[in-house]
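**Q** Got a structure here, written out as structure tokens. Questions coming.
The values are calculated or read from the model by the stated rules, or taken from the named source; none is laboratory data. Keep in mind that what you see is a predicted model, and the values were worked out from it rather than measured. Please note: Cβ atoms are built from the backbone with ideal geometry, for glycine as well, and neighbour counts cover all protein chains shown. The area values use the complete protein model at the heavy-atom level, side chains included, leaving out ligands, DNA and RNA. Shrake-Rupley method; radii C 1.70, N 1.55, O 1.52, S 1.80 Å.
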Amino acid sequence: MRVAQLDTAAQAFGDPAADIWSGITANKVSLVPAPVAMQTSRYVMSKWRDGQFGKVSSVGVQVLHNGEELAIRLEWENPQANLQRFENNDFPDGAAILFPLTRHAPLFMGAPGEPVDIWHWRADRPDTAHGNLATGIGTSSMVNEDAAVTRSLYRQGRWAVVYRRALSVQTPAAQTVQFTLGKPVKMAFAVWDGGNAERGGLKAFSPQWLEVTPQS
Amino acid sequence: MNKVEIGREIDGVVRKPKRQLAMVFDLNKCLGCHTCSIACKQQWTREEGQENMWWTVVNTLPGRGTPRDWEDMGGGFDAQGRQLPSLIPTREDFGDDFEFNKEEVFNGGKGVQNYLQPKNSRGEKPSWSPNWDEDQGGGEYPNSHFFYFPRLCNHCTHPACLEACPRNAIYKREEDGVVLVNENHCKGYRFCMEACPYKRIYYNHVRDISQKCIFCLPRIEKGVAPACARQCPGRMRFVGYLDDKDGPIHKLVNEWQVALPLHEEYGTQPNVYYVPPMSPPSIGPDGKVEHSKPRIPLEYLESLFGPRVKEALATIEREKARKRNGEESELMDALIVYKWPDDIFPDFVADPANL
């Protein structure tokens with residue numbers, strides 16, 4: 001997917017309802033439930049063995065940049081918004097974008113020596129995405145509270161979330177993705193339906209990379 | 001040790017830590033005063049997000065417990081060692097953080113028209129709290145009965161919480177078997193709260209992590225007994241290493257076998273043991289004392305502590321009789337705790353005031 005440079009101020013695309021997004025092609029990325037066999041807890045494997053989770057079947061992905069900042073807009077269907085995290089069984093809705101930090105880092109949360117960078121947005125803290133590093137399933141660790149600025153909108157049974165970040169940042173390249181014009185970047189996606197008690201490995205995810213090339 | 005090995009029998013050997021700290025509670029000495037709960041609360045759970053946490057709590061039995069009806073919630077392991085599904089108790093199940101209309105009643109001039117009434121964190125009239133059914137118990141007059149029952153994390157040899165955590169954020173210490181949540185690693189998924197059959201794990205919604213009894217680890221490491229045990233006015237909380245042949249824990253659990261685990265059938269091998277309560281005899285329909293029938297039904301105690309209750313109670317009665325007859329009884333001396341704190345937590349006698 002090629003992303004043309006727009007001559008627009010970042011404020012114009014930070015809002016998921018901004019007009020500018022209606023002119024950007026949306027890629028429909030298919031999602032599947034995270035495999036039960038890959039859960040790193042026997043309890044989870046046992047209780048959720050019927051696979052009654054990860055039912056969000058696709059996420060619409062739009063990307064744009066203005067030469068300084070890159071924005072990714074995700075939109076997906078979620079029949080009920082779950083914003084709370086107060087009661088013991090409250091789980092907020094969430095979405096994440098995963099970027100490999102090495103050439104062969106696997107899409108399944110990375111591997112030892114093959115880290116991935118994960119931007120995790122959640123409805124209970126909607127203004128920033130946490131930056132996580134992971135080197136395998138169950139290893140994600142938050143390294144940056146403000147990996148990306150996020151704005152979200154829940155309307156007519158659908159979430160829309162825009163993640164915004166500078167193309168390149170000072171953080172060492174080993175810790176976060178850097179976007180260079182003309183260079184393809186791979187990404188993958190995950191969505192959690194909090195109303196179904198989805199958290200951790202209970203999620204829908206995209207089993208294939210989406211390759212995105214910001215162009216000058 | 002890999003988390004799916006801890007506490008499991010592999011090649012005929014149960015994989016467990018080098019040593020295991022344990023507690024024995026003598027239910028015949030529990031006053032139901034809640035000093036343990038308050039001591040723990042003061043020490044560990046006064047931060048925002050911990051308002052409704054009681055890492056240790058005292059319930060009245062027979063009763064519904066904390067959280068409400070926790071024994072019907074599932075969790076733990078089946079006989080084949082498979083994890084059993086369960087649910088997450090709600091704040092209301094645990095007993096919520098109450099707010100009272102103190103201002104209105106005490107200072108608002110409405111003390112005559114209105115009365116003091118609590119509201120839960122949803123602003124509703126509460127339906128439960130840790131001691132909602134305190135002193136109610138069971139049985140019909142004149143055979144009504146109850147006993148007090150302190151509960152806390154069992155620091156299990158085969159912890160269901162630890163095995164359920166997909167992030168390896170729960171670990172069991174090799175040197176003393178204490179089970180801890182690594183708060184830096186925990187992401188608040190709460191699978192531990194589901195898997196724990198004893199329901200002794202709480203959710204801190206402010207920090208988005210799970211929290212529970214830490215066996216007063218910072219105290220233990222300085223030779224000071226856990227706050228709940230040190231402060232217990234009834235001196236009924238014994239603390240020590242299970243393998244310490246000279247200590248009270250080993251004597252009560254392994255030698256005399258009068259201290260029994262709670263719900264052993266949950267399969268987690270808990271390390272808190274209970275000396276079951278003795279009870280006075282029943283009164284028959286004709287008003288006569290029935291010496292062979294204890295007031296607290298044996299079946300009820302067996303439902304908690306298993307089939308060994310009868311023998312444990314018989315041992316206690318036998319030793320009690322010896323003492324009454326002026327004979328020596330090592331068991332009675334141990335339960336009475338003549339020398340405090342040396343006889344009740346011999347490895348943790350340091351005075352916290354001197355820290």
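**Q** Mind giving me the FRET efficiency for A:ALA12 and A:GLN84? R0 is 35 Å, r the Cβ-Cβ distance, nearest 0.05 is fine.
**A** Numbers: r = 31 Å, r/R0 = 0.89.
Calculated value: 0.65.
**Q** Starting from the residue with the highest accessible area, list A:SER140, A:SER22 in decreasing order, probe 1.4 Å. Don't skip to the end; give the middle numbers.
**A** Working: A:SER140 10, A:SER22 110 Å².
Per-residue accessible area, sorted high to low, gives A:SER22, A:SER140.
**Q** Also: Collect residues whose amide H, placed 1.01 Å from N in the peptide plane, falls under 5 Å from the amide H of B:GLY188; neighbours closer than 5 in sequence don't count.
**A** B:SER210
**Q** Below 12 Å, Cα to Cα, which aspartates and glutamates can B:LYS222 reach? Residues fewer than 8 away in the same chain don't count.
**A** B:ASP347, B:ASP351
**Q** Further question on the same structure: Looking at this model, which pairs from B:LYS29/B:LYS293; B:LYS212/B:LYS245; B:LYS18/B:LYS245; B:LYS41/B:LYS339; B:LYS29/B:LYS320; A:LYS55/A:LYS203 are more than 18 angstrom apart at the alpha-carbon? Working shown, then result.
**A** Working: B:LYS29/B:LYS293 22 Å; B:LYS212/B:LYS245 29 Å; B:LYS18/B:LYS245 15 Å; B:LYS41/B:LYS339 27 Å; B:LYS29/B:LYS320 14 Å; A:LYS55/A:LYS203 8 Å.
Beyond 18 Å between Cα atoms: B:LYS29/B:LYS293; B:LYS212/B:LYS245; B:LYS41/B:LYS339.
**Q** Let me ask something else about it. Taking R0 as 30 Å, what's the FRET efficiency between A:VAL32 and B:THR90 from their Cβ-Cβ distance, rounded to 0.05?
**A** Numbers: r = 32 Å, r/R0 = 1.05.
The formula returns an efficiency of 0.40 here.
**Q** If R0 is 22 Å, what FRET efficiency do you get for B:ILE283 and B:LYS323 from their C-beta distance, rounded to 0.05?
**A** On the way: r = 26 Å, r/R0 = 1.20.
Rounded to the nearest 0.05, the efficiency is 0.25.
**Q** Another one. Once the protein assembly as shown is represented by equal point scatterers at the alpha-carbon sites, with solvent omitted, what log10 I(q)/I(0) does the Debye formula produce at q = 0.07, 0.08 Å⁻¹?
**A** -0.52, -0.65
**Q** How much length, in nm to one decimal, is gained on full extension between B:ASP342 and B:LEU217, taken as 0.36 nm per residue of separation minus their Cα-Cα distance?
**A** On the way: separation 125, 0.36 × 125 = 45.00 nm, distance 1.94 nm.
My answer for the length gained is 43.1 nm.
**Q** Right, next: What are the ³J(HN,Hα) couplings of the range B:211-217, residue after residue, when phi is run through the Karplus curve with 6.51, -1.76, 1.60 and θ = phi - 60°? Round to Hz, x for glycine and proline.
**A** Whole-Hz 3J(HN,Hα) from phi for the range B:211-217: 9, 7, 3, 10, 6, 6, 3.
**Q** What are the residues whose amide H is under 5 Å from the amide H of A:ASN66, where those residues sit 5 or more places off or on another chain and H is modelled from the backbone?
**A** Those lying under 5 Å, H to H, from A:ASN66 are A:LEU6.
**Q** Right, here's the next one. Along the range A:138-148, what does the Karplus equation 6.51 cos²θ - 1.76 cosθ + 1.60 (θ = phi - 60°) give for ³J(HN,Hα), rounded to whole Hz, x for Gly and Pro?
**A** So the J values, rounded to whole Hz, are x, 10, 4, 9, 6, 10, 8, 6, 10, 5, 8.
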